[in-house]
Amino acid sequence: MGASDLGQRINILARWLFEAKYPVVFTGAGISTESGLPDFRGPDGVWTRRDKGLPSKPMSFSSAEPNSGHRAIVELQKLGKLSFLISQNVDNLHLMSGIRPDLLAELHGNVDRLVCASCEQTVDKSDGLDTCFCGGSLVPSVVNFGQSLPRKALAESYGHSERCDLFIVVGSSLVVHPAADMPRVALESGARLVIMNQGETPFDGVAHLRFWEAIGNVLPPAVEQLKQFTEAS
Ligand code: ZN
């Protein structure tokens, strides 16, 4: 399907969201590029620039604000159409936009949060705590390259991927493991797979619906249409 049928594909996505009993959304750095944060493999991404020998751009998480893509996911939550949100991002924009913490797994941590080294409970840095209520020590939650991912967030993400009937990838090239396994888990459980990403992914051949357009041109209009279906029903 080409660019001219964008409206049709948005319509299909809205209908699938309407029908879904257990929609799960999976986000990567691509959702935050419209907030001015660089992704990794996009046209101006961190690795793309490095491969071209270009200097890296500064990342300023503190000034970044949620964009229309983040807000569209909050709308899904309000409509009861977000069973769970899995994110590879550390930029805190999902929580800032109003996503319920209990519906969110941040696989790579969060620049604004500390995590308990024993029980994996997270707290806001601004709370000024250094010890968890369980007695464990609170350490920065961002997962560095080569470190293992938080077990609880990972287990929850696999669990919801198994249970979902619609799995929507938003702005991830799905190459970082183990996160990249989750669309496969969802597919094996019979879920519909939707991918919104401007670059290629290993799942392009098996996705049921594929968007190459900017997220801001896809997700917000799809959610608007979903609202119309919901009001009409
Ligand atoms: Zn603890």
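Rule-based calculations on the coordinates, nothing more; no lab input. Not measured: the values here are computed from a predicted model. Reconstructed Cβ throughout: ideal geometry from the backbone, glycine too, with neighbour counts over all protein chains shown.
Things worth noting here:
- Inter-label distance, VAL176 to SER118: 2.9 nm, where each label sits 7 Å from its Cα along the C-beta direction.
- Amide hydrogen proximity for ARG192: with H placed 1.01 Å from N in the peptide plane, the residues at 5 or more positions away or on another chain lying under 5 Å are LEU166, PHE167.
- Taking every alpha-carbon pair within the chain, the share separated by more than 29 Å comes to 26 percent.
- Long-range amide H partners of THR27 with built H, under 5 Å: ILE86, SER87, GLN88, VAL170
- Histogrammed with a bin width of 10 Å, the alpha carbon distances of the stretch 135-213 distribute as 18, 44, 27, 9, 2 percent, first bin at zero.
- What separates the Cα centres of the stretch 18-82 and the stretch 177-233 is a distance of 14 Å.
- Structure-based [θ]222 nm, the chain - -39500 (n - 2.57) summed over DSSP H runs of at least 4, per residue, nearest 500: -9000 deg cm²/dmol
- Working note: Debye formula, equal point scatterers on the alpha-carbon atoms of the stretch 58-164, no solvent; log10 I(q)/I(0) at q = 0.20, 0.23 Å⁻¹ is -1.13, -1.34.
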